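J.: Okay, handing you the structure first.
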Amino acid sequence: MRRSLAAILLCYLAFYQPAAGQYYYHNSRYYEGDVNFELGLSGGIMNALTDLGGKKGIGKDFIKDLRWQTARPSYGLYFAATYKYALAARIEGTIGQVTGYDSILKNVASSTTGRYERNLSFRSKIAELQLAFEVHPLFFRSYDENEAPRLSPYAIIGAGYFSFDPEAGLNGQWYSLAPLRTEGQGFAEYPDRKPYALQQLNLLGGLGLRYEINDFLNARIELVHRKLFTDYLDDVSTGYINPALFYNYLPPTQAALAQQLHFRRNEINPSDVQPLSGEQRGDPKDKDAYFTIQAKIGFMIGARRR
């Protein structure tokens, strides 16, 4: 009996491998479980792809019309749970601002087929709460202690809930555009144009690169793109409306303001006349989008010295 127990013990010692060094950069000086937790900060830029602004020529799809001059700061805070450094789920809050303006096209006005002369602009604060999942492919295999890569790429996919509020400037003041219904949203004469909600869902995807600074600290750089289900991030989507209708649906002060802000070509050319109802103002075929490029610093929670 004693010989049998001794044999079992020897086999166990011969084949047992401590889990701490199998998957992680962390070494045997620290103890951690299969799931590790991280708290971090983000900072970078936010930019949008909407109907306003863009590059020379006709409006183009996706990043072909992107202007970096419209990038604005963004900040965030996140909490993540990572399984064996290969798969992670995180909750992140992000705040920032997006903007766009047709006046950015001034130097190429002759090529923009009226986009510069449209003369519309907007800005909007963004507040977002997202649930995202990370996939770190380099950690789908095991590593001996201290051999795991410090630098690893990863993919991001998830969904978010965000708020926005497009504003336009006039005579030194900023006005929220959604209440003015500048394209006849909710008017009986335009039954296909519904008022848009200022809190909506989005889908997100992106790429990142993580660097393990030490046992408790990592740094990242990420590009995350948001696909939206609205074309009104900039309050521009379809066509001009009959401006007289504003007085049928809005108080007189708001109606007068809506008339000024829905049509602004006459600010460049005073002789420009009000367009016919239905004349193109935006492009409803493509939804708006925004993205962030951020640096992150993350602090591991719960790792303990052995």
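J.: If you scan region 169-200, which residues turn out to be surrounded by 14 or more Cβ atoms within 10 Å (Cβ to Cβ) and within 30 Å of Ala155 (Cβ to Cβ)?
T.: Matches in region 169-200: Gln200 only.
J.: Being surrounded by fewer than 17 Cβ atoms within 10 Å (Cβ to Cβ) and in contact with a strand residue (DSSP E or B) (Cβ under 7 Å, 6 or more places away or on another chain) is the filter here; which residues of region 267-286 pass it?
T.: Gly278, Glu279, Gln280
J.: Follow-up question, since we're still on this one. Please return the ranges of strands (runs of 3 or more DSSP E) entirely within region 154-254 where 1 or more residues are touching a strand residue (DSSP E or B) at 6+ places or on another chain (Cβ under 7 Å), without any contact (Cβ under 8 Å) to a residue 24 or more places away in the chain and more than 30 Å from Tyr83 (Cβ to Cβ).
T.: By residue number, 173-176.
J.: Across region 134-148, what is the total count of residues that are touching a Phe, Trp or Tyr at 6+ places or on another chain (Cβ under 9 Å), exposed (fewer than 15 other Cβ atoms within 10 Å of the Cβ) and closer than 24 Å to Leu223 by Cβ?
T.: Within region 134-148, residues that are touching a Phe, Trp or Tyr at 6+ places or on another chain (Cβ under 9 Å), exposed (fewer than 15 other Cβ atoms within 10 Å of the Cβ) and closer than 24 Å to Leu223 by Cβ number 2.
J.: Is it the case that region 266-279 has a residue that's over 30 Å from Tyr83 (Cα atoms), among the β-branched types (Val, Ile, Thr), modelled with pLDDT under 95 and in contact with a helix residue (DSSP H, G or I) (Cβ under 7 Å, 6 or more places away or on another chain)?
T.: So far as region 266-279 goes, yes, one or more of its residues are over 30 Å from Tyr83 (Cα atoms), among the β-branched types (Val, Ile, Thr), modelled with pLDDT under 95 and in contact with a helix residue (DSSP H, G or I) (Cβ under 7 Å, 6 or more places away or on another chain).
J.: For region 90-134, which positions are at pLDDT below 95, over 23 Å from Leu261 (Cα atoms) and of a type in the set (A, V, I, L, M)?
T.: Of everything in region 90-134, just one residue is at pLDDT below 95, over 23 Å from Leu261 (Cα atoms) and of a type in the set (A, V, I, L, M), namely Val108.
J.: Within region 73-88, take every residue that is surrounded by 15 or more Cβ atoms within 10 Å (Cβ to Cβ) and modelled with pLDDT of 95 or more and give me the one that is nearest to Arg141 (Cα to Cα).
T.: Ranking the qualifying residues of region 73-88, first place goes to Leu87.
J.: Continuing with the same structure: Here is a list: Leu131, Leu105. Which entry is in contact (Cβ under 8 Å) with a residue 12 or more places away in the chain and under 20 Å from Glu222 (Cα atoms)?
T.: Leu131
The values are calculated or read from the model by the stated rules, or taken from the named source; none is laboratory data. The structure presented is a predicted model; accordingly, all values stated were derived computationally and were not measured. For neighbour counting, all protein chains shown are included, and Cβ atoms are generated from backbone atoms with ideal geometry for every residue, glycine included.
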